[in-house]
Amino acid sequence: MENNVLARVNGVEITQEHLEQTLSRYPQERQSYLNTDLGRKQLLEQIISFELMYNYGKEIGLDKDAQYLAQVEVMKKEILIQSAINSALSKIDISEEEIAKYYNDNKDMFMDQESVRAKHILVETIEECEQIAKEISEGLSFEEAAERFSSCPSGANGGDLGAFTRGRMVPEFEKAAFELNIGEISGPVQTQFGYHLIKVEEKKSASVKPLEEVKNTVANTLLQEKQSSKYAELVEELTNKYTVERL
């Protein structure tokens, strides 16, 4: 990208790079607007107005004002503190061996829970439920029966509830669903909502996510742990190096 000069204010050049840097400091949702022709024009005008105010502040001597200078010192201290912390923590590396060891030592943290994908038909009475089960046994598809008879909104999708893990459904429904084999249809199952026929489409056993899938998570966890430890060690070291009086 060419660093074109977009404007000059009192001899100071405002460049394309300056505009891009200013744009990058805005929240992502705001950037989507500013990163248009109109948005960039407005942003440039804002940068120009700020540069004008900067010149005005210097002209009336605010850069020598005691309150301004005190604020500058506070900001300089805050920036130096953050820079010192960043410098100390930037030297921390996480090795592949450390990632693998953490993963192997904590596999229970990376479990995919047992899950079931099921469809159901919900009606008010056991008689209705038994009659629908009879029609299904005589050739009516479960999905068509759900569309015709189920009082649950899922009926419009053939009764499909999607996949769910334990603890997501009421106990009676969950017990029946997890005990069914794939393709099997339950008998009437009573819950607080009424009577269900349940058909299991897919079952997945609990399994550990592969390392590659969670590698970034493990690396970030280790990095945070190391940074926290390094920070505490550095604070202790500096406490012994510099004078600290707690009054």
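The values are calculated or read from the model by the stated rules, or taken from the named source; none is laboratory data. The structure displayed is predicted, hence computed values, not measured ones. Because the Cβ atoms are built from the backbone with ideal geometry, glycine has one as well, and the counts that use them run over all protein chains shown.
Here are the numbers for this structure:
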{"item": "Residue match in the range 3-17 (condition: within 33 Å of the chain's Cα centre (by Cα) and either at pLDDT below 95 or over 26 Å from Leu238 (Cβ atoms) (or both))", "result": "yes"}
{"item": "Residue count, the range 140-179 (criterion: touching a residue at least 60 places away in the same chain (Cβ under 8 Å) and surrounded by 19 or more Cβ atoms within 10 Å (Cβ to Cβ))", "result": "1"}
{"item": "Residue count, the range 86-113 (criterion: under 21 Å from Val170 (Cα atoms) and out of contact with any Ser or Thr (no Cβ under 6 Å at 6 or more places or on another chain))", "result": "0"}
{"item": "Helices (runs of 4 or more DSSP H) wholly inside the range 22-126 containing at least 3 residues that are among the β-branched types (Val, Ile, Thr) and at negative phi", "result": "66-89"}
{"item": "Ala133 vs. criteria surrounded by 14 or more Cβ atoms within 10 Å (Cβ to Cβ) and not charged (D, E, K, R)", "result": "yes"}
{"item": "In the range 94-125, the residues that are loosely packed, with under 15 Cβ neighbours inside 10 Å, of a type in the set (A, V, I, L, M) and in contact with a strand residue (DSSP E or B) (Cβ under 7 Å, 6 or more places away or on another chain)", "result": "Met111"}
{"item": "Any hit, the range 210-233, residues being surrounded by 11 or more Cβ atoms within 10 Å (Cβ to Cβ) and over 25 Å from Asn106 (Cα atoms)", "result": "yes"}
{"item": "Residue within the range 67-88 that is surrounded by 13 or more Cβ atoms within 10 Å (Cβ to Cβ), closer than 30 Å to Gln224 by Cβ, among the acidic types (Asp, Glu) and modelled with pLDDT of 95 or more present", "result": "no"}
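Residues are listed down the side, and each one gets a yes or a no for (1) modelled with pLDDT under 95; (2) closer than 13 Å to Lys203 by Cα; (3) polar (S, T, N, Q):
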| position | (1), (2), (3) |
| --- | --- |
| Phe142 | no, no, no |
| Ala146 | no, no, no |
| Phe164 | no, yes, no |
| Arg168 | yes, no, no |
| Phe173 | no, no, no |
| Ile185 | no, no, no |
